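Each remark here refers to the structure printed beneath this line.
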Amino acid sequence: MESQVDIAANLAHVRDQIAAACTAAGRAPESVELVAVSKTHGAAMVERAIAAGQRVFGENRVQEAEGKWPALKQAHGGLVLHLIGPLQSNKASHAVALFDVVETVDRPKIARALAREMDRQGRRPDCLIQVNTGEEPQKAGIAPGEADAFIKSCREDFALPVRGLMCIPPFDEEPAMHFALLREIAARNGLPVLSMGMSSDFETAVRFGATHVRVGTAIFGTREPYPPVAAPGVNPPAA
């Protein structure tokens with residue numbers, strides 16, 4: 001049960017693991033930002049994480065985030081909210097209004113919709129390009145071979161504030177090669193942010209230069225899976 005999850009202890013443990021991974025990689029612990037993935041968990045669970053000092057969170061769905069985050073942001077200053085799930089163009093206005101970082105820009109239609117809403121609202125959340133490093137047909141993300149051109153288009157054609165890249169490696173493959181590929185694409189495009197690594201592999205991601213790791217289960221415990229929905233691409237529910 002959610003009430004039995006010791007979120008403060010879990011957060012402390014994950015932070016210790018991140019610090020140890022950074023030390024092993026010769027990096028400063030503060031060079032890696034922990035994004036606590038609170039999707040499917042209610043506001044009460046998020047409040048407990050906030051009480052334990054967590055300020056950066058990730059949500060998978062715009063509609064779910066709209067149900068709990070406006071009140072949380074009003075009640076607590078300094079919170080940063082990342083969209084880590086696939087974005088549909090008809091939700092772009094909501095995403096721009098609510099999120100501080102959109103990690104899943106993956107096709108021209110989304111880039112165009114975000115640019116239009118940023119101009120309309122006068123709000124410019126940071127953007128990450130999601131790269132489908134495993135080229136999995138069921139998963140969202142731009143193909144690695146198309147990433148350079150897409151990054152250039154997002155910057156020049158749509159004037160998006162592109163800060164970095166995000167990936168979700170295939171579940172059944174060694175993640176290191178995918179993290180290395182994402183790092184290579186980011187380096188040649190001068191992008192400083194690498195959002196990669198989840199509960200099962202964030203220590204490896206730190207070794208390959210992750211600046212943000214997305215951890216949910218290790219903090220909040222197990223969650224109920226989402227029901228299937230029609231979407232341009234589907235990111236897995238685990239984080």
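Some points to look at:
- Treating r as the C-beta distance of E173 and Q4 and R0 as 30 Å, the FRET efficiency rounds to 0.35.
- If you take all other residues with their beta carbon under 9 Å from the beta carbon of I142, and give Lys and Arg +1 and Asp and Glu -1, the sum is -1.
- Working from Cα pairs under 8 Å separated by at least six residues, relative contact order for the chain is 21 percent.
- For G216, nonlocal amide neighbours, meaning residues 5 or more places apart or on other chains whose placed amide H falls under 5 Å from its own, are V37, S199, A239.
- Note on the chain: with charges restricted to the Cβ of Lys and Arg (+1) and Asp and Glu (-1), its dipole about the Cα centre is near 700 debye.
- Calculated over the range 120-181: convex hull of Cα atoms, volume per residue (Å³): 102 Å³
- For the range 15-59, the fraction of alpha-carbon pairs in successive 10 Å shells from zero, as %: 27, 42, 26, 6
- Residue-span extension gain [A28 to R55] - 0.36 nm each, minus C-alpha spacing: 7.8 nm
- Cα gyration tensor category, rounded, prolate or oblate, for the range 26-87 with a/c compared to 1.5: oblate
- Cα gyration tensor shape of the range 47-132, rounded if a/c is under 1.5, else prolate or oblate by comparing a/b with b/c: prolate
- Taking other residues whose beta carbon is less than 14 angstrom from the beta carbon of N132, and scoring Lys, Arg as +1 and Asp, Glu as -1, yields -4.
- Relative contact order %, the range 1-131, counting alpha carbon pairs below 8 Å whose residues are six or more apart: 17 percent
- Distances between placed amide hydrogens fall under 5 Å for V105 paired with L128, Q130, all partners being 5 or more residues away or on another chain.
- Taking the number of Cβ atoms within 10 Å of each Cβ as an exposure proxy, the fewest-first ranking of C22, C167 is C22, C167.
- In order through the range 129-141: 3J(HN,Hα) via Karplus (6.51 cos²θ - 1.76 cosθ + 1.60), integer Hz, x for Gly, Pro: 8, 7, 10, 7, 4, x, 6, 7, x, 8, 10, 5, x
- Lysines with Cα under 19 Å of K39, excluding same-chain neighbours fewer than 8 positions away: K68, K73, K91, K139
- Gyration tensor verdict on the range 95-155 (Cα atoms; rounded if a/c is under 1.5, prolate if a/b is larger than b/c, oblate otherwise): prolate
A short reminder: the numbers here are calculations on the coordinates, not readings from a lab. Computed from a predicted model, the values in this text were never measured in an experiment. Note: ideal-geometry Cβ built from the backbone for every residue, glycine included; neighbour counts use all protein chains shown.
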